[in-house]
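The values are calculated or read from the model by the stated rules, or taken from the named source; none is laboratory data. The structure displayed is predicted, hence computed values, not measured ones. Virtual Cβ from ideal backbone geometry, glycine too; neighbours counted across all protein chains shown.
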Amino acid sequence: MIFEAGLQGQFDRIVVVTCPLEMRVRRWVERNRVDEASARRELERRMAAQWPEEKKTAAADFLIDNSGDVGETEARVRKLFEILKREAGQSNG
């Protein structure tokens with residue numbers, strides 16, 4: 001909700017984590033033990049309060065694809081963390 005609040009200027013880098021809507025719905029169903037229609041309604045309600053996905057990804061400095069399993073996402077996060085650590089070291093050195 002950083003973009004929606006207009007706070008992006010207060011951060012050095014913005015990371016957007018994304019995955020397809022159908023995967024979000026499936027994960028919501030599994031996590032909250034609700035039916036698919038309820039999950040879809042809730043996700044659509046939440047998404048309506050946010051910038052469209054395309055706008056967020058265009059404004060982000062980095063994207064993390066969260067459509068794989070936990071291990072794949074963790075590997076992407078670790079890789080990005082290393083990049084950000086290097087950047088921080090360069091700006092401090």
Considering (1) in contact with an Asp or Glu (Cβ under 8 Å, 6 or more places away or on another chain); (2) more than 23 Å from Leu80 (Cα to Cα); (3) not charged (D, E, K, R), say which one Ile14 fails and leave the rest. (2)
Would you pick out the residues in segment 17-60 that are in contact with a strand residue (DSSP E or B) (Cβ under 8 Å, 6 or more places away or on another chain) and either β-branched (Val, Ile, Thr) or over 22 Å from Phe81 (Cα atoms) (or both)? Val17, Thr18, Glu53, Thr57
Looking only at segment 31-65, how many residues end up being assigned to a helix (DSSP H, G or I) and β-branched (Val, Ile, Thr)? 1
Screening Ala60, Ala88, Ala49, Ala75 for residues that are farther than 25 Å from Met1 by Cβ and among the aliphatic types (A, V, I, L, M) leaves only Ala75
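Name the residues in segment 52-82 that are among the hydrophobic types (A, V, I, L, M, F, W, C), farther than 20 Å from Glu22 by Cβ and either touching a Phe, Trp or Tyr at 6+ places or on another chain (Cβ under 8 Å) or in contact (Cβ under 8 Å) with a residue 24 or more places away in the chain (or both), would you?
Quick first cut of segment 52-82, residues among the hydrophobic types (A, V, I, L, M, F, W, C) only: 58-60, 62-64, 70, 75, 77, 80-81.
Remaining after also requiring farther than 20 Å from Glu22 by Cβ: 58-60, 62, 75, 77, 80-81.
Hits for segment 52-82 are Ala59, Ala60, Phe62, Leu80.
Residues are listed down the side, and each one gets a yes or a no for (1) at pLDDT 95 or above; (2) aliphatic (A, V, I, L, M); (3) surrounded by 13 or more Cβ atoms within 10 Å (Cβ to Cβ):
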residue	(1), (2), (3)
Val16	yes, yes, yes
Cys19	yes, no, yes
Arg26	yes, no, yes
Arg31	yes, no, no
Ala49	no, yes, no
